[in-house]
Amino acid sequence: MARPNTDELVEALKAWAMAFMHQSMHRTIQFAKQHHLSMSQLGAMLHVNRTGPCAVADISDDLGVTSAAVSQVLDRLVDEGLVVRTEDPSDRRAKRIELTRRGEDTLSR
């Protein structure tokens, strides 16, 4: 049995990675549309799901947008009952963002 050369293997892996990323992005976009979420809203929810309760600045850093932009994203998620803002126990002036049960259920789909 002949072994593929390195170039063929690299090209095959690139093709597989591109197909995987395309399919993954397609499904992510479809999920966001089905749940009436923007990609920023979905990104914020995924960050909170991955890290647990966090500050607005943490989400801002992860998404690469301003804290003001994240606050607007979170306003809609709060209105939809997908996340809650709570007081940070170590600094009452700061807010922590947490997924609600509904938010967790949405992401589990």
Hits in segment 79-109 (condition: open to solvent by 40 Å² or more (accessible area, probe 1.4 Å), within 14 Å of Pro53 (Cα to Cα), in a helix (DSSP H, G or I) and not acidic (Asp, Glu)):
Arg101
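For segment 59-66, does any single residue satisfy the condition of being assigned to a helix (DSSP H, G or I), within 15 Å of the chain's Cα centre (by Cα) and touching a residue at least 24 places away in the same chain (Cβ under 8 Å)? Spell out the reasoning first.
Here is the first cut: in segment 59-66, the ones assigned to a helix (DSSP H, G or I) are 59-63.
Next, only the ones that are within 15 Å of the chain's Cα centre (by Cα) stay: 59-63.
Then drop every residue that is not touching a residue at least 24 places away in the same chain (Cβ under 8 Å), which leaves 59.
Checked segment 59-66: at least one residue is assigned to a helix (DSSP H, G or I), within 15 Å of the chain's Cα centre (by Cα) and touching a residue at least 24 places away in the same chain (Cβ under 8 Å).
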Can you tell which of His47, His36 is at pLDDT 90 or above and outside any helix (DSSP H, G or I)?
His36
For residues that are within 18 Å of Glu98 (Cα to Cα) and among the hydroxyl-bearing types (Ser, Thr, Tyr), scanning just segment 46-76, find the one that is least open to solvent (accessible area, probe 1.4 Å).
Ser60
With the requirement that a residue be open to solvent by 30 Å² or more (accessible area, probe 1.4 Å) and closer than 18 Å to Lys95 by Cα, what does segment 18-45 give you?
none
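The values are calculated or read from the model by the stated rules, or taken from the named source; none is laboratory data. Being a predicted model, the structure only gives us computed values, none of them experimental. Positions of Cβ are backbone-derived with ideal geometry, glycine not excepted, and every protein chain shown enters the neighbour counts. Note: areas computed on protein heavy atoms with side chains; ligands, DNA, RNA excluded. Shrake-Rupley method; radii C 1.70, N 1.55, O 1.52, S 1.80 Å.
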